[in-house]
Amino acid sequence: MTVTELHAALSATESGGLHLMLPTGEFVPAHFHVTEVGRVQKDFIDCGGTRRASVTCLLQVWVAADTDHRLTASKLAGVLALAGPLLGSGDLPVEVEYEGESVSQYPVAAAEATPRGLLLHLGVKHTDCLAKELCGVPAACGTAGCC
């Protein structure tokens, strides 16, 4: 999901809460905070020597002891609007950084309007070899343990 798509989903949710569902089906506790909205650029060279870049919008989520806190969809829409000049593009993919057992990043896979507000479905990130042909990895070998 891009920043523009997320902002539209948030803006269309006139009232109600914001809920985050992890890929396991578990929910981030309802009293989470979004402590940062950032533009993250990673410049790197893959194992085949090709220079690459990846740019995302990262929402850092933090859970504190203030269990009465609730972030609304409209509040996050306002924060995203303020972050617009920093992000530079509405086409950036959105990821959520959340600390469960460890700090993990999850792509926002989908947004679903529910009677209780907006539910964001978080997806899974995977590692990959970006230069399979140079590393001698068969083209059909795209997942861990397949070869």
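The values are calculated or read from the model by the stated rules, or taken from the named source; none is laboratory data. Keep in mind it's a predicted model, so treat the numbers as computed, not measured. Cβ placement follows ideal geometry from the backbone for every residue including glycine, while neighbour counts extend to all protein chains displayed.
In the set (1) among the β-branched types (Val, Ile, Thr); (2) surrounded by 12 or more Cβ atoms within 10 Å (Cβ to Cβ); (3) over 24 Å from His19 (Cβ atoms); (4) within 21 Å of the chain's Cα centre (by Cα), Thr127 fails one condition alone, (2). Only one of the listed residues (Glu97, Glu101, Glu133) is assigned to a strand (DSSP E or B) and among the acidic types (Asp, Glu). That residue is Glu97. Inside segment 32-58, residues that are in contact with a Cys (Cβ under 8 Å, 6 or more places away or on another chain), within 24 Å of Tyr98 (Cβ to Cβ) and not hydrophobic (A, V, I, L, M, F, W, C) make up a count of 2.
With respect to Pro29, determine if the residue is at pLDDT 95 or above, of a type outside the set (Gly, Ala, Ser) and under 14 Å from Tyr106 (Cα atoms). In short, no. Selection within segment 59-105: residues that are among the β-branched types (Val, Ile, Thr), within 15 Å of Phe27 (Cα to Cα) and free of Cβ contacts under 8 Å to residues at least 40 places away in the same chain. The member of this set that is surrounded by the fewest Cβ atoms within 10 Å (Cβ to Cβ) is Thr67.
Listed by first and then second residue, the pairs linking a residue in segment 121-140 that is free of Cβ contacts under 8 Å to residues at least 12 places away in the same chain to a residue that is surrounded by 10 or more Cβ atoms within 10 Å (Cβ to Cβ) and in a loop (DSSP other than H, G, I, E, B), with Cβ atoms under 6 Å apart and 6 or more places separating them unless they lie on different chains, are Val137/Cys129. Using the structure shown, decide if Val108 is in contact with a His (Cβ under 9 Å, 6 or more places away or on another chain), surrounded by 13 or more Cβ atoms within 10 Å (Cβ to Cβ) and either at pLDDT 95 or above or not in a loop (DSSP other than H, G, I, E, B) (or both). Spelling it out, Val108 is indeed in contact with a His (Cβ under 9 Å, 6 or more places away or on another chain), surrounded by 13 or more Cβ atoms within 10 Å (Cβ to Cβ) and either at pLDDT 95 or above or not in a loop (DSSP other than H, G, I, E, B) (or both).
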